[in-house]
Amino acid sequence: MTTCYFAQAELDSAITISAELLRHDEIVAFPTETVYGLGARIFSEAAIRKVYSAKGRPSDNPLIAHIATIEQAGEIAIEIPDEFYLLAEHFFPGPLTIVLNRHPDVPAIVSAGLDSIAVRMPQHPIALALIKAVGQPLVAPSANLSGKPSPTTAQHVLDDLGGKIAAIIDGGKCVVGIESTVLNICTSIPTILRPGAVTREQIETVLSRKIDIQSTASPNIPIAPGMKYRHYAPSATIRIVSTWDEIQQITNNATLSNILILANSIPDFQINAILHPLLAESLYAEFRRADADNFTEIVILCDNTIIQDSALMNRITKAASKS
Ligand code: AMP
Ligand code: MG
């Protein structure tokens with residue numbers, strides 16, 4: 001299959017043609033503020049199957065539904081609690097996914113057989129325009145091959161899925177760069193299943209009550225089956241350190257050209273290694289480049305400001321664990 005690539009200047013025709021492709025059960029990658037998504041019509045089982053197959057995604061890893069209006073939540077979920085609307089008022093459109101009870105019209109394959117459905121409204125004009133043009137919610141898992149980092153540029157999508165999907169709309173770099181916060185509100189105490197840019201504290205302030213965070217120590221809890229899969233880990237060994245002293249020792253004892261250092265500050269000593277900024281929005285791009293350039297080690301400086309960012313730390317520690 002030839003993948004149709006729409007450059008940033010071709011926005012109007014990109015939306016019109018992509019919406020037509022989606023209506024015909026094709027799958028199309030598009031930008032969101034978090035990462036690029038691989039879109040398919042939520043009510044088309046044929047299209048949903050193409051998503052799982054193009055990504056090589058295990059069929060028990062559920063997909064997130066993307067909506068452009070709050071009314072569309074009612075087309076895909078039932079018994080929606082008031083807290084959903086409260087959260088939507090504060091965080092939609094934005095990087096928060098909310099798990100609700102699935103509407104019987106939504107094919108079970110979307111949620112990997114679960115009775116629930118994860119819903120989010122992306123904050124990207126192209127994503128919103130595309131969903132509106134199709135006229136119904138789209139599922140949109142990250143547009144990468146399973147086992148690769150989520151794509152944050154159109155080139156990443158082409159590298160992984162070129163030739164396997166009908167089209168890709170280039171919307172430039174994703175501004176958030178890591179996947180949405182996933183919050184389950186079907187339980188008596190709302191629970192964060194995946195940390196993201198919307199924080200626990202922000203959610204607790206809006207709901208005026210304490211919420212839980214699912215421990216990564218018990219990843220097999222069935223409510224979030226996708227969480228059990230091994231997250232992307234670059235081929236390079238990742239070392240998490242907390243001081244420049246540790247980096248100095250590592251670089252003193254190594255072949256410098258093979259080490260990539262990610263840090264949000266610069267050292268006060270001469271360093272003879274490749275140093276890139278540590279930012280959520282470029283983390284996955286750094287991992288992809290480290291593999292492409294055959295780095296053997298990635299040293300990540302996690303100082304106090306980084307440690308306080310639970311979403312970023314979650315992605316770093318997952319990438320560092322080889323299991
Ligand atoms: P991705 O779209 O690749 O960022 O992955 C979506 C993730 O959202 C899955 O791996 C699950 O962890 C989570 N998710 C999606 N749907 C549900 C659901 N119905 N219940 C719980 N978690 C979900
Ligand atoms: Mg993904």
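The values are calculated or read from the model by the stated rules, or taken from the named source; none is laboratory data. Keep in mind that what you see is a predicted model, and the values were worked out from it rather than measured. All Cβ positions, even for glycine, are placed from backbone atoms using ideal geometry, and neighbour counts span all protein chains on display. The protein model used for the area step is the full one, side chains on, heavy atoms only, and it has no ligands, DNA or RNA in it. Shrake-Rupley method; radii C 1.70, N 1.55, O 1.52, S 1.80 Å.
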(request) Take the stretch 1-49 and flag every residue that is part of a helix (DSSP H, G or I) and crowded, with 16+ Cβ neighbours inside 10 Å. (result) LEU11, ALA14, ILE15, ILE17, SER18, ALA19, LEU21, LEU22, ALA47, ILE48, ARG49
(message) Any residue in the stretch 121-134 that is touching a residue at least 40 places away in the same chain (Cβ under 8 Å) and assigned to a helix (DSSP H, G or I) sitting within a Cβ distance under 6 Å of a residue that is open to solvent by 10 Å² or more (accessible area, probe 1.4 Å) and β-branched (Val, Ile, Thr)? List the pairs, counting only those 6 or more apart or interchain.
(response) ALA129/ILE15; LEU130/ILE15; ALA133/ILE15
(message) Against the conditions (1) aliphatic (A, V, I, L, M); (2) within 16 Å of ligand 2 (Cβ to nearest atom); (3) in a strand (DSSP E or B), where does ILE165 fall short? Just the number, please.
(response) (3)
(request) Hey, could you check the stretch 211-226 for residues that are modelled with pLDDT of 60 or more and in contact with a Leu (Cβ under 8 Å, 6 or more places away or on another chain) and say which is farthest from ALA285 (Cα to Cα)? (result) ILE211
(message) Against the definition (within 16 Å of ligand 2 (Cβ to nearest atom) and either open to solvent by 20 Å² or more (accessible area, probe 1.4 Å) or more than 17 Å from GLU20 (Cα to Cα) (or both)), how does SER111 come out, yes or no?
(response) yes
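Quick one: would you say SER208 is open to solvent by 30 Å² or more (accessible area, probe 1.4 Å) and either under 16 Å from ALA29 (Cα atoms) or in contact (Cβ under 8 Å) with a residue 40 or more places away in the chain (or both)? Spell out how you get there, then give the answer.
Working: open to solvent by 30 Å² or more (accessible area, probe 1.4 Å): yes; either under 16 Å from ALA29 (Cα atoms) or in contact (Cβ under 8 Å) with a residue 40 or more places away in the chain (or both): no.
In short, no.
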(request) Identify all residues within the stretch 256-277 that are farther than 23 Å from GLN308 by Cβ and touching a residue at least 40 places away in the same chain (Cβ under 8 Å); write none if there are none. (result) ILE259
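With the condition kept exactly as written, say whether any residue in the stretch 148-158 is within 16 Å of ligand 2 (Cβ to nearest atom), open to solvent by less than 50 Å² (accessible area, probe 1.4 Å) and of a type in the set (D, E, K, R). Can you show your working first?
Going through the stretch 148-158, the residues within 16 Å of ligand 2 (Cβ to nearest atom) turn out to be 148-153, 156-157.
Pick out the ones that are also open to solvent by less than 50 Å² (accessible area, probe 1.4 Å) and you get 149-153, 156-157.
Checking the rest, the ones that are also of a type in the set (D, E, K, R) come to none.
No, every residue in the stretch 148-158 fails to be within 16 Å of ligand 2 (Cβ to nearest atom), open to solvent by less than 50 Å² (accessible area, probe 1.4 Å) and of a type in the set (D, E, K, R).
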(message) Against the definition (within 16 Å of ligand 2 (Cβ to nearest atom) and surrounded by fewer than 24 Cβ atoms within 10 Å (Cβ to Cβ)), how does GLY94 come out, yes or no?
(response) no
(request) Please go through the stretch 14-47 and pick out each residue that is away from ligand 2 (no atom under 15 Å from the Cβ) and of a type in the set (A, V, I, L, M). (result) ALA14, ILE15, ILE17, ALA19, LEU21, LEU22, VAL28, ILE42, ALA46, ALA47
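Which residue, of ILE316, ILE307, is open to solvent by 10 Å² or more (accessible area, probe 1.4 Å), under 25 Å from LEU96 (Cα atoms) and among the β-branched types (Val, Ile, Thr)? Can you show your working first?
Working: ILE316 fails: open to solvent by 10 Å² or more (accessible area, probe 1.4 Å).
Within the list ILE316, ILE307, the selection yields ILE307.
Looking at ILE240, ILE271, ILE247, which is the one that is of a type in the set (A, V, I, L, M) and in a loop (DSSP other than H, G, I, E, B)? Break it down stepwise before answering.
Working: ILE240 fails: in a loop (DSSP other than H, G, I, E, B); ILE247 fails: in a loop (DSSP other than H, G, I, E, B).
Every option except ILE271 fails the conditions.
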